[in-house]
Number of protein chains: 2
Amino acid sequence: MIFLSLNDFIEATNGPKCRVFENPDPKELIEVLKKLKTSHVITIFALCDAFYKGRAQSTLDKGERLIIIKPDGTLLIHDSRSREPKNWQPPGSIITFSYNNGSLLIKSKRYNPREEIRITCYTLYVVITARLGRGGLSLEGSEKEMAEIINKNPSLIEEGLRIVKREAKTPYGYVDLLGEDAKGRLVVIELKRGIAQINAVYQLVRYVEYFRSTARREVRGIIAAPKISKNAMLILKRYGLEYKRVKIR
Amino acid sequence: MIFLSLNDFIEATNGPKCRVFENPDPKELIEVLKKLKTSHVITIFALCDAFYKGRAQSTLDKGERLIIIKPDGTLLIHDSRSREPKNWQPPGSIITFSYNNGSLLIKSKRYNPREEIRITCYTLYVVITARLGRGGLSLEGSEKEMAEIINKNPSLIEEGLRIVKREAKTPYGYVDLLGEDAKGRLVVIELKRGIAQINAVYQLVRYVEYFRSTARREVRGIIAAPKISKNAMLILKRYGLEYKRVKIR
DNA sequence: GCCTAGGTCCCGTCT
DNA sequence: AGACGGGGCCTAGGC
């Protein structure tokens, strides 16, 4: 373990991207972590246990894990499996480090909702601090994009269709697309970029119900998606609604 | 950077929990990663970019990031913000490492759905390999638990209520709890462990509609939750349904 | 494998 | 702030 002088600290913040601490002494490490927590991502390999209390409550038994602390307040505890952390705290949480009986204690608090995680690190194997970048991601293929494409080219749904409104507000929620067909009937369209399931049908049903109760003309309802589940299709038909296979790109 | 002999490799797999490689040579590192990817969590701090194509499509610009590869096939790319990885691949994906023009290439593939990530690591700052534990989490406070508690003590909803069935299947989905009140009326109960929102109301509405159309007796619908949103409450009443505040513990 | 529904969902967006 | 709905959602459980 390297003892941190002021020079070491300056190097850590302004020097290399990463700094590695192998088997560090918890007491000495805490001083480093306190300084770097607002600017660096802290990565800790440790033998630890954890307690969470908030919207739910959990206990994580003692084991070897990977703890990640981000400058935005995010806390993640990962083990050897799964995309999801075993425990976590979202951005905006407040983290504090302390020492107790040879162990490093990590505490993360947040409010609204009030939640807390307490981690006890019994053994610190490796700790890495690093300045990391952020952002730079551009994503294509969202439902929003799908709406834009159909908006520009309503014949993807059917010939003669005209889009009247997007994100039309009703007391029952937002309608993805509202149109008018060749015969002047109102067409409520619910988009799904993936497989349309029962929920999508529910959404459509209530929008159609709403417009049928207010608009004084015929109202159709269409789910537009690349695929629809068997049950969803069944319910859809039971309500006299329609499905249109739409595959973008 | 430490060149890995066979002995070094044996030490890496059976020896210490963590092994650290600072500024490793990509070519040499690849040999290590290929051996350890099925047993160790691999953590890479690198200057990298990434391309994803599958259900959607994305580009991640060149930047400093933390890459995590788990033995179950999980891949995570984190930056300095957010609980969510910028890019990822879920468990079961197949990872391969290769070398190109001074860079480490990481490729992760999966099928159903067919998805792929390609990462180019231009600079490797630090790489850590570690055997981590798994599991050991016990969680309390789920909706399932809530159902169990109410099942045992239906008076939490109202006096005289009797639970008839849990997870009752209908063509419109699963009803959390089905009961009978003191007056012999059928009671459909939808549980939410957090705030009940519009969606919860829709679920309930569909179930109640179904039972009203099939059961030859009066049917009530109740949302049981610690809280309900304003709009949800409005719609609930519009449908003649009820809300019961239930706070477990 | 498909499908359903929950989640300490997270996250953006809008009121 | 609350509230609503998407997400490359993920994950567990049923069939």
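Some observations on this one:
- Cα gyration tensor, the range B:143-245 - rounded (a/c under 1.5), prolate or oblate: rounded
- Percent of beta bridges antiparallel (DSSP, the range B:143-245, rounded to nearest 5): 50 percent
- Amide H contacts of A:Gly73 (H built 1.01 Å from N, in plane; Pro and chain starts excluded): A:Gly92 sit under 5 Å, all sequence-distant by 5 or more or on other chains.
- For the range B:143-245, a simple Cβ point-charge model (Lys and Arg +1, Asp and Glu -1, everything else neutral) yields a dipole of about 220 debye relative to the Cα centre.
- Point-charge dipole on Cβ atoms (K/R +1, D/E -1) for chain A, about Cα centre, debye to 20: 1060 debye
- Overall form of the range A:64-122 per C-alpha gyration tensor (a/c, 1.5; a/b vs b/c): oblate
- Residue-averaged beta-carbon neighbours from other chains (10 angstrom radius) around B:80-91: 6
- Cα convex hull volume per residue for the protein assembly as shown (Å³): 168 Å³
- Two-decimal ratio, the range B:21-74, of alpha-carbon radius of gyration to 2.2 N^0.38 Å: 1.28
- R0 of 22 Å, Cβ-Cβ distance B:Thr59-B:Arg114: FRET efficiency to nearest 0.05: 0.75
- Here the ratio of the Cα radius of gyration of chain B to 2.2 N^0.38 Å is 1.49.
- FRET efficiency estimate (nearest 0.05) - Cβ-Cβ, B:Asn199 to A:Lys144, R0 25 angstrom: 0.80
- Calculated from backbone phi, Karplus (6.51, -1.76, 1.60) coupling profile of the range A:90-104 in Hz, x at Gly/Pro: x, x, x, 6, 10, 10, 9, 10, 8, 10, 8, 6, x, 10, 8
- B from A by rotation - nearest chain A beta carbon to the axis, in Å: A:Tyr202, 2
- Each eigenvalue of the Cα gyration tensor of the range A:6-130, multiplied by 5 and square-rooted, gives one semi-axis; in descending order these are 23, 16, 13 Å.
Here, each number is a calculation from the coordinates, and none is a lab measurement. From a predicted model like this one, the values you see are computed outputs, not experimental measurements. With ideal geometry, Cβ positions are generated from the backbone for all residues, glycine too; neighbour counts draw on all protein chains shown.
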